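Derivation of every value follows stated rules applied to the coordinates shown; laboratory data play no part. No experiment lies behind these values; they were computed from the predicted model shown. No Cβ is skipped: glycine too gets one built from the backbone with ideal geometry, and neighbour counts run over all protein chains shown.
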């Protein structure tokens, strides 16, 4: 089957098995290996990408479901010599240890920051119709779908808070 995806600004036409996940299409067909395969069950967040600006687990969705969609992977956020604010903050705050979860953490945080700016409440938001506070509890709740086997959570949250200050 043929599926057309716009990945990191480039149009790609995939000729693939209809059962292929978006994660496998990105890694195996497009050779974008920054997106990691962790649990392959949607429980760890290592495969988080942005689909039309919203964060999703790429292991839980089929590539064929997203014909015409825009996908952003970690490779689409910045270059080594021109990092995004989140990537810079992760380096500055040591928000990584082994680095395996880092791409998914950064992609999830990118989507999460957009959700907060849009005023989307979370489980811990005290007000469903007002400004969402960007505090540690809010960051921790919104990032709870991304696991870090090295337990760098405090540094990850500090990096996200630092990047949020840069984006204001």
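Counting helices only, and only those DSSP H runs with n ≥ 4, report the 222 nm mean residue ellipticity of the chain as the sum of -39,500 (n - 2.57) divided by its residues, in deg cm²/dmol to the nearest 500. Working shown, then result.
Details: 4 runs with 46 residues, N = 168.
Mean residue ellipticity, 222 nm, calculated: -8500 deg cm²/dmol.
Restricting everything to alpha-carbon atoms, can you work out Rg to Rh for region 1-109 with a Kirkwood hydrodynamic radius? Walk me through the intermediate numbers first.
Details: Rg = 13.6 Å, Rh = 14.0 Å.
Using Cα coordinates only, the ratio equals 0.97.
Evaluate E = 1/(1 + (r/R0)^6) for residue 31 and residue 151, where r is the Cβ-Cβ distance and R0 equals 30 Å; express this FRET efficiency to the nearest 0.05. All intermediate terms of the calculation are to be shown ahead of the outcome.
Details: r = 31 Å, r/R0 = 1.02.
After rounding to 0.05, the efficiency reads 0.45.
Any chance you could give the angle, 0 to 90 degrees and rounded to 10, that helix 102-117 forms with the longest Cα principal axis of the chain?
60 degrees
Where a ≥ b ≥ c are the square roots of the eigenvalues of the C-alpha gyration tensor, would you call region 32-168 rounded, which needs a/c under 1.5, or, failing that, prolate if a/b is larger than b/c, or oblate? Please list the in-between numbers first.
On the way: a/c = 1.42, a/b = 1.15, b/c = 1.23.
Rounded, because the longest to shortest axis ratio a/c is under 1.5.
With a 10 Å Cβ neighbour count serving as the proxy for reagent exposure, in which order, fewest first, do 117, 54, 157 appear?
Values: 117 13, 54 10, 157 20.
Ascending number of Cβ neighbours within 10 Å: 54, 117, 157.
Angle between the Cα long axis of helix 153-167 and the longest principal axis of the chain, 0 to 90 degrees, nearest 10?
90 degrees
For residue 15 and residue 40, calculate 0.36 nm times their separation in residues minus their Cα-Cα distance, and state this gained length in nm to one decimal.
Values: separation 25, 0.36 × 25 = 9.00 nm, distance 2.22 nm.
Between residue 15 and residue 40, full extension yields an extra 6.8 nm.
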